[in-house]
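Have a look at the structure below, then the notes.
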Amino acid sequence: MWSGPRTLSTALMRSFGNRADTVVVDEPLYGYYLAATGIDHPGADEIIGSMSTDWADVVRQLACGELPAGKTVFYQKHMTHHWLPEIDPEALDGLRHAFLIRDPRRLLASYAKVRDTPTLADLGLAQQVRIFRRFGGPVIDAADISARAERALPALCAALGIPFDAAMLAWPAGPRSTDGVWARHWYASVRSSTGFDASRSTDSPSGPVSLPPELEPLAAQCQAYYDEMAKRRLAF
């Protein structure tokens, strides 16, 4: 599952992680991305020390690793901006790819609460389009999941060729052993969640999203990438 940050991606990982048949992994290329770019993220040194920073080693495990007994689905939560140019796409040809998108103005409003000077590269929309063009696969919008999870999730499962499990609609609150060490910086909201709550969603079309003036040019840059993906989102 390829998405940018602040796109409901961790909640969707919770949803898949609540299936009895599924193993999840949280942003396995994050350490590689930080080590390769030197970018300043909260907890960067700890993240780099917690996981492999060799993309080839990570991808090998993603594509060829054996699942535990009783598990048949391997759900990989990926940030699109972690895909740097040196990664060989052929190494991931054997996997099924899906794409989680979110209206860029709402994405930016959320992201700016954690890092106040995001760039286009930070948000991963351009990278997401490139990955989609390479692999294809179902596209799901965070707004659709928030508003209609009981319809969106079965549609996503059908597009991926796996059975829907009603356990995906709700999960226990709290941390998970599968959360990355960066969880304390980014996951406060999802740790208190127990499902997709449309009443708490910030993705309802009730009105425009206000952004600081300095983020308006970036929002305009993002829109074309979002629009290309949104034209292909699942209908249900």
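The values are calculated or read from the model by the stated rules, or taken from the named source; none is laboratory data. If you're wondering where the values come from, they're calculated on a predicted model, not measured in any experiment. Positions of Cβ are generated from backbone atoms using ideal geometry, with glycine treated the same way; all protein chains shown enter the neighbour counts.
Data table
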| quantity | calculated |
| --- | --- |
| Test: residue in segment 57-64 that is assigned to a helix (DSSP H, G or I), of a type in the set (K, R) and either at pLDDT 95 or above or over 19 Å from Y187 (Cβ atoms) (or both) | yes |
| Residues that are touching an Asp or Glu at 6+ places or on another chain (Cβ under 9 Å) and among the polar types (S, T, N, Q), drawn from segment 10-60 | T10, N18, T22 |
| Top-ranked residue in segment 136-152 [being in a helix (DSSP H, G or I), of a type outside the set (D, E) and closer than 14 Å to L100 by Cβ; ranked as nearest to the chain's Cα centre (by Cα)] | A142 |
| Unmet requirement for T119, which otherwise passes all of (1) crowded, with 17+ Cβ neighbours inside 10 Å; (2) more than 24 Å from L153 (Cα to Cα); (3) of a type outside the set (D, E, K, R) | (1) |
| Exclusive hit being closer than 27 Å to P217 by Cα, free of Cβ contacts under 8 Å to residues at least 60 places away in the same chain and among the hydrophobic types (A, V, I, L, M, F, W, C), set A147, A142, A121, A126 | A121 |
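Yes/no per residue for (1) in contact with a Gly (Cβ under 9 Å, 6 or more places away or on another chain); (2) buried (at least 17 other Cβ atoms within 10 Å of the Cβ); (3) among the charged types (D, E, K, R); (4) touching a residue at least 24 places away in the same chain (Cβ under 8 Å):
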| site | (1), (2), (3), (4) |
| --- | --- |
| Y33 | no, yes, no, yes |
| G49 | yes, no, no, no |
| A63 | yes, no, no, yes |
| L92 | no, yes, no, yes |
| L100 | yes, yes, no, yes |
